[in-house]
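**Q** What follows is a structure written as structure tokens; I'll ask about it next.
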Amino acid sequence: TLGSGTKVSFGAVGGYDETLASGVYAAYGAELRHPLMRGSGTEINQIAGPDAQTGQYRGVSIAQINQEKSHLELEQAVLDLVNQISHTYWELQFAYRNLQTKQAAREQARQSWQREKDRVAGQTSPLDSEALARQQYFTADAAVKNAIGGTGKVSGVYDIENRLRTLLGASISDGRLIRPTTQPLETEFPFDWHHALQVAQSQRIEIRRQRANLRKGSLELRASHNLLKPQLDLVGTYRRLGDDSDNNSDLFSEALHGWQIGIEMQKPLGSRREHTAVHNAELRLRRDQAVLTEQTRQIEGQLRKAFTELDRTYSVTQSLALSRDAANMRLTAASQRHAAGATTVEPVLESQIRATQAGTAWQRSLVDYNHALVQLHAVRGTLLETLGVGISAIPHANQVLSLIHI
């Protein structure tokens with residue numbers, strides 16, 4: 001079968017038959033069948049394939065689109081994995097920073113407790129003040145332990161580190177701890193709305209997959225229209241029997257071969273199946289177009305939400321940074337007055353609690369801001385490109401079909 005749909009066949013047969021052929025016999029022939037309407041042309045054969053049936057299109061063009069969709073499914077799986085790794089990475093960064101804040105609060109509580117013990121020994125402070133400072137120290141110590149191991153509701157360093165190892169496919173217990181080296185971004189990172197929307201509507205995997213469906217549907221509609229035509233073929237045939245070496249007559253020789261040329265036409269009555277295939281292809285094409293329109297609208301809404309979240313988280317980091325500075329200023333002043341003996345321990349302990357809470361809240365907002373950056377890149381469809389992740393094929397069949405470079 002040629003690319004244009006033309007079929008060329010050639011065959012031969014031979015053997016020995018004493019009764020009919022009186023010995024050795026041979027015959028050969030060839031046939032050429034060229035479609036003039038249904039199945040005619042290189043384009044339609046690339047869409048529907050040779051010997052296409054109504055509703056079943058297996059041409060090269062359809063296969064290429066299916067391969068593209070399979071590649072997009074792989075890319076979507078890689079994107080989901082990288083997105084989870086990115087968010088878990090920043091959660092681990094927060095877990096370590098939260099641990100550092102809790103450790104600093106424990107050290108401050110220890111110093112306050114030590115000063116109160118010295119004052120009680122010098123009979124300049126009542127016993128209940130020392131007990132209050134001692135209670136705050138052990139509370140801070142428990143907070144440090146929870147920050148390391150986690151609780152039932154809040155994950156600690158070990159929990160998140162184990163989750164990151166699982167996503168990376170790394171060994172769960174190799175005697176080491178993964179610690180993020182990249183610091184969270186604290187400065188504002190502006191995006192242009194119109195450019196981001198244009199990129200999202202062209203780079204998102206959902207959009208690319210749906211556009212592939214539209215191309216496939218358009219090709220299938222074209223194939224279904226072609227299969228609606230009659231099967232009109234131009235046919236040429238030639239056949240010849242082997243000559244008898246004992247007969248030298250030209251008339252006998254001419255009688256051993258024959259040829260014919262003509263046109264064959266076939267068309268089912270009513271063509272109900274073919275008309276149904278055309279109608280079905282039209283409906284699917286309209287559905288795919290409606291899905292693409294709705295996906296475009298939803299992506300615009302997702303992008304707007306991502307922009308809003310990015311602005312909100314950055315503004316929150318600025319406010320909580322000022323709150324943290326104010327809490328630390330108050331803690332410093334209260335600690336200095338307590339060290340000079342000008343105040344009791346209660347204001348110091350309260351200032352320590354507020355400073356710890358303000359520091360933790362600022363760290364949380366900073367990580368949320370970086371989460372928002374990752375989410376915005378994911379919505380724009382540029383997360384893999386931004387993080388330098390690519391997918392390339394491996395030529396060896398006994399290896400993995402695709403390799404992820406990070």
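The values are calculated or read from the model by the stated rules, or taken from the named source; none is laboratory data. In this text, all values refer to a predicted model and were calculated from it rather than measured experimentally. For neighbour counting, all protein chains shown are included, and Cβ atoms are generated from backbone atoms with ideal geometry for every residue, glycine included. Surface areas here come from the heavy atoms of the whole protein model, side chains and all, with no ligands, DNA or RNA. Shrake-Rupley method; radii C 1.70, N 1.55, O 1.52, S 1.80 Å.
**Q** Considering segment 172-209 alone, what residues qualify as being among the basic types (K, R) and free of Cβ contacts under 8 Å to residues at least 60 places away in the same chain?
**A** Step one: of segment 172-209, the residues among the basic types (K, R) are 176, 179, 204, 208-209.
Of everything in segment 172-209, just one residue is among the basic types (K, R) and free of Cβ contacts under 8 Å to residues at least 60 places away in the same chain, namely R176.
**Q** Follow-up question, since we're still on this one. From A48, A63, grab the single residue that is without any contact (Cβ under 8 Å) to a residue 40 or more places away in the chain, surrounded by 12 or more Cβ atoms within 10 Å (Cβ to Cβ) and closer than 30 Å to N280 by Cα. Steps first, answer last, please.
**A** Numbers: A48 fails: without any contact (Cβ under 8 Å) to a residue 40 or more places away in the chain.
Result of the check over A48, A63: A63.
**Q** Which count do you get for residues in segment 320-352 that are open to solvent by 50 Å² or more (accessible area, probe 1.4 Å), free of Cβ contacts under 8 Å to residues at least 40 places away in the same chain and in a helix (DSSP H, G or I)?
**A** 12
**Q** Just a yes or no: is a residue in segment 130-137 buried (at least 16 other Cβ atoms within 10 Å of the Cβ), in a helix (DSSP H, G or I) and polar (S, T, N, Q)? Outline the logic, then answer.
**A** First pass over segment 130-137, keeping only residues buried (at least 16 other Cβ atoms within 10 Å of the Cβ): 130, 132-134, 136-137.
Going one step further and asking which of them are in a helix (DSSP H, G or I), we end up with 130, 132-134, 136-137.
Okay, now just the ones that are also polar (S, T, N, Q), so 136.
Yes: one or more hits.
**Q** Regarding E116, is this residue assigned to a helix (DSSP H, G or I), over 22 Å from the mean Cα position of the chain (by Cα) and in contact (Cβ under 8 Å) with a residue 40 or more places away in the chain?
**A** Values: assigned to a helix (DSSP H, G or I): yes; over 22 Å from the mean Cα position of the chain (by Cα): yes; in contact (Cβ under 8 Å) with a residue 40 or more places away in the chain: yes.
Judged against the criteria, E116 is a match.
**Q** Now, a different point. Which one of these is crowded, with 16+ Cβ neighbours inside 10 Å, at pLDDT 95 or above, closer than 30 Å to Q67 by Cα and not charged (D, E, K, R): L376, L384? It would help to see each step written out before you state the result.
**A** Numbers: L384 fails: at pLDDT 95 or above.
Only one candidate passes the filter, namely L376.
**Q** Out of all the residues in segment 27-40, which are in a strand (DSSP E or B) and either of a type in the set (S, T, Y) or open to solvent by less than 50 Å² (accessible area, probe 1.4 Å) (or both)?
**A** In the first step, residues of segment 27-40 are kept if they are in a strand (DSSP E or B); the result is 27-35.
Hits for segment 27-40 are A27, Y28, G29, A30, P35.
**Q** Being within 22 Å of E309 (Cβ to Cβ) and in a helix (DSSP H, G or I) is true for just one of A212, A196, A223. Which residue is that? Steps first, please.
**A** Numbers: A212 fails: within 22 Å of E309 (Cβ to Cβ); A223 fails: within 22 Å of E309 (Cβ to Cβ).
Checking each option against the conditions leaves just A196.
**Q** Name the pairs: first residue in segment 370-393 and at negative phi and without any contact (Cβ under 8 Å) to a residue 12 or more places away in the chain, second residue in a helix (DSSP H, G or I) and β-branched (V, I, T), Cβ to Cβ under 6 Å, at least 6 apart or on different chains?
**A** Filtered contacts from segment 370-393: H377/T386.
**Q** Might you let me know whether segment 172-179 holds any residue that is part of a helix (DSSP H, G or I) and at negative phi? Steps first, answer last, please.
**A** Just the residues of segment 172-179 that are part of a helix (DSSP H, G or I), to begin with: none.
There is no residue in segment 172-179 that is part of a helix (DSSP H, G or I) and at negative phi.
**Q** Kindly provide the set of residues from segment 90-109 that are under 22 Å from Q375 (Cβ atoms) and either among the hydrophobic types (A, V, I, L, M, F, W, C) or surrounded by 21 or more Cβ atoms within 10 Å (Cβ to Cβ) (or both), ordered by number. Write out each step before concluding.
**A** Kept after step one, since they are under 22 Å from Q375 (Cβ atoms), are these residues of segment 90-109: 90-98.
W90, L92, Q93, F94, A95, R97, N98 - these are the residues of segment 90-109 that are under 22 Å from Q375 (Cβ atoms) and either among the hydrophobic types (A, V, I, L, M, F, W, C) or surrounded by 21 or more Cβ atoms within 10 Å (Cβ to Cβ) (or both).
**Q** Residues in segment 278-311 that are modelled with pLDDT under 95 and in contact with a His (Cβ under 9 Å, 6 or more places away or on another chain): how many?
**A** Matching residues across segment 278-311 total 2.
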